[in-house]
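Values quoted throughout were computed directly from the atomic coordinates according to the rules given, and no laboratory measurement underlies them. All values derive from a computational prediction rather than experimental measurement. Note: ideal-geometry Cβ built from the backbone for every residue, glycine included; neighbour counts use all protein chains shown.
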């Protein structure tokens, strides 16, 4: 179970909290009672493996085709 602490407390005590995180504790940062972030030990951060999604989807042949004009206009308003 992660420890939940509000953002003000975390800002005030960050150095001490990092020692706890370094020891393996997970700390959830809350703002107004809602979770907004998490402090986790660095070695618990997930890593991505190149090619791990191979076969899960196919890039369409027209992937590099320009978008329809109506869609392009939405970016230039």
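Structure above, values below:
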| quantity | calculated |
| --- | --- |
| Highest to lowest packing among 17-28, 51-62, 32-43, scored as the average C-beta count within 10 Å | 17-28, 32-43, 51-62 |
| Extension gain from residue 5 to residue 30, taking 0.36 nm per residue of separation minus the Cα-Cα distance | 8.4 nm |
| Prolate/oblate/rounded label for segment 1-42 (Cα gyration tensor, a/c 1.5) | oblate |
| Helix-only [θ]222 nm of the chain, DSSP H runs n ≥ 4, -39500 (n - 2.57) each, per residue, nearest 500 | -7500 deg cm²/dmol |
| Additional length obtainable on full extension of the chain from residue 15 to residue 50, 0.36 nm per residue less Cα span | 9.2 nm |
| Debye-sum result for the chain in log10 I(q)/I(0), which assumes one identical scatterer on each alpha carbon, at q = 0.14 Å⁻¹ | -0.69 |
